[in-house]
Amino acid sequence: MRPAALALGLGLSTALAAQPALSAELSIALGSIGQDVAEMRQQLSKFTEETGHTVNIVEMPASSTDQFGQYRLWLAAQNADIDVYRTDVIWAPQLAANLVDLTEAMADRVGEHLPSVIQSQTVDGKLVAFPMYTDAPALYYRTDLLEKYGKAVPQTWEELQATAQEIQDAERKAGNSQMNGFVFQGAPYEGLTCDGLEWVASHGGGTIVDENGEITINNEKAAAALDQAKGWVGTIAPAGVLSYKEEEARGVWQTGNAVFMRNWPYAYPLGNGEDSAVKGKFDVAPLPAGADGGQSAACLGGWNLAVSQFSENQDAAIELVKFLSSEQSQKERALMTARLPTIASLYDDPEIAKAQPIVAEWDTVIETAIPRPSAATKGQYNEVSKEFWTTVNETLSGRGTAADNLDQLEKRLRRLKRSGW
Ligand code: GLC
């Protein structure tokens, strides 16, 4: 008898009893913005150490819209290769049917997280995903340039426009030909729904569709907001902004070629990275308000973790969701990539406040951030959003006036609504 077989023969029952649960090989699908994948890799190696389960990362495109399309196809095809999906906060109603109900598994964890986030992931009583981080945008501004030109941080979009134009013109005149006033997300995809919603809501023009499912977008304030944004394209923003998503905007900003940028907190630590031209030269503020008593409006974003109904390793997949949503993982994530926690106490954590001041400063922005109408339009949200971002992109491109385009948008949304939401 060979020694291994001998050992096995002698101690089989004791050996089995002492074994932890069998290790599984899992796959997690996530989009790759900024440092998301690198950070995930680090966290997963700890998970493997703790549990013995290994996890493959299935890297998806950066765009939320592209990810959604792919996930919907995979779930429709009952794909068993992906166990855990990182899901956007807006997807819960549309993917609910093919995701595992986490209510029981997370019963002792649910109370730790922001109730609004839990609510956004609960569809007809089913908890379809569990929070990884929440998200709300910032106005990034160059402290050195505002100081050089004696300008204050803009409180309204009008002020932003004037300051951006003045600094852009002066810098270009001084030989800095690449300088832009403002970069944001103008490409036709979910990110433009966020930017557009912020412009509209900050002018008091509502949220496209209200909480009761009523279509509200066709109004004068919304039209004024979009007209104003159209005026930025080719003046303070490069014409190319019409194809910018988060990472393209960050690229321009981080090479030092923009006075202002609208982006999510992930750009904060990257902007302060060793290879960044704006390291130590910028700060963040809430987005500007619209005209005539408008308010600053931040679109509520965020990402969650969902277990596929077609996963053959659901218990291990749930362990992974618990691990990645835990206080420890959220804290590490806030420290490393400034991803905003969904556990309230972490906003008071001195280590986080020191390493990534934006996190501590962003608690009130998160509290007042505006959800997209995903709960109100249920299974139709992506179609509604697509109609909106298309309308905004066309308006920014100069194809039709804001008022006419919003009129058309209302008609298309009415048609969608008739087929039920
Ligand atoms: C961010 C947000 C997400 C949003 C996306 C749009 O990733 O967290 O909710 O849908 O940006 O590009």
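Kindly put Val259, Val89, Val153 in sequence by how many other C-beta atoms sit within 10 Å of each C-beta, fewest to most.
Listed from fewest to most nearby Cβ atoms, that is Val153, Val89, Val259.
For Lys322, go through the lysines and keep the ones whose alpha-carbon is under 29 Å away, minus same-chain ones fewer than eight residues off.
Those lysines meeting the cut-off are Lys46, Lys126, Lys331, Lys354, Lys378.
Setting aside same-chain residues fewer than 8 positions from Lys151, which lysines have a Cα under 16 Å from its Cα?
Once the sequence-local lysines are set aside, what remains near Lys151 is Lys281.
State the extension gain, in nm to one decimal, for the chain segment bounded by Ile57 and Ala353, taking 0.36 nm per residue of separation less the distance between their alpha-carbons.
Result for the pair: 103.6 nm of gain on full extension.
With +1 on each Lys and Arg Cβ and -1 on each Asp and Glu Cβ, how big is the dipole of region 36-105 about its Cα centre, in debye rounded to the nearest 20?
Result for region 36-105 is approximately 140 debye, rounded to the nearest 20.
Describe numerically, in nm with one decimal, the distance between label points set 7 Å from Cα along Cα→Cβ at Asp108 and at Arg172.
Taking the simple label geometry, Asp108 and Arg172 are separated by 6.2 nm.
Determine the dipole magnitude for the chain: charges of +1 sit on the beta-carbon of Lys and Arg, -1 on that of Asp and Glu, nothing else is charged, the reference point is the Cα centre, and the result goes in debye to the nearest 20.
Dipole size: approximately 700 debye.
In the P(r) worked out for region 115-270, what percent of Cα pairs fall beyond 29 Å?
Summing the P(r) tail past 29 Å for region 115-270 gives 25 percent.
Projected area of region 43-159, taken from the Cα convex hull and averaged over every viewing direction, in nm²?
11.7 nm²
How far apart, in nm, are the 7 Å Cα→Cβ label points at Gln309 and Gln328?
Each label point is offset 7 Å from its Cα along the Cβ direction, giving 3.3 nm.
Suppose each label sits 7 Å from its Cα in the direction of the beta carbon; what would the Thr364-Asn79 distance come out to in nanometres?
Reported label-point gap for Thr364 and Asn79 is 4.3 nm.
Counting only GluC sites (Glu not before Pro) that sit in a DSSP loop (anything but H, G, I, E, B) with at most 15 other Cβ atoms within 10 Å, what is the longest stretch of the chain containing none of them?
The segment 313-421 is the longest one with no such site.
If we count other beta carbons within 10 Å of each Cβ, what is the order of Trp157, Trp303, fewest first?
The order, fewest Cβ neighbours first, is Trp303, Trp157.
Treating the chain as a set of equal point scatterers at the Cα positions, no solvent, please give the Debye-formula log₁₀ I(q)/I(0) at q = 0.06, 0.07, 0.10 Å⁻¹.
Evaluating at q = 0.06, 0.07, 0.10 Å⁻¹ gives log10 I(q)/I(0) of -0.27, -0.36, -0.70.
Among Phe260, Val284, Thr235, which residue has its Cα furthest toward the positive end of the charge dipole of region 222-290, with +1 on Lys/Arg Cβ and -1 on Asp/Glu Cβ?
Going by the Cα projections, it comes out as Thr235.
Every read-out reported here was derived from the displayed coordinates using simple, explicitly stated rules and does not represent laboratory data. Quick caveat: nothing in here was measured; it's all calculated off a predicted structure. Here the Cβ is made from the backbone with ideal geometry for all residues, glycine too, and neighbour counts use every protein chain on show.
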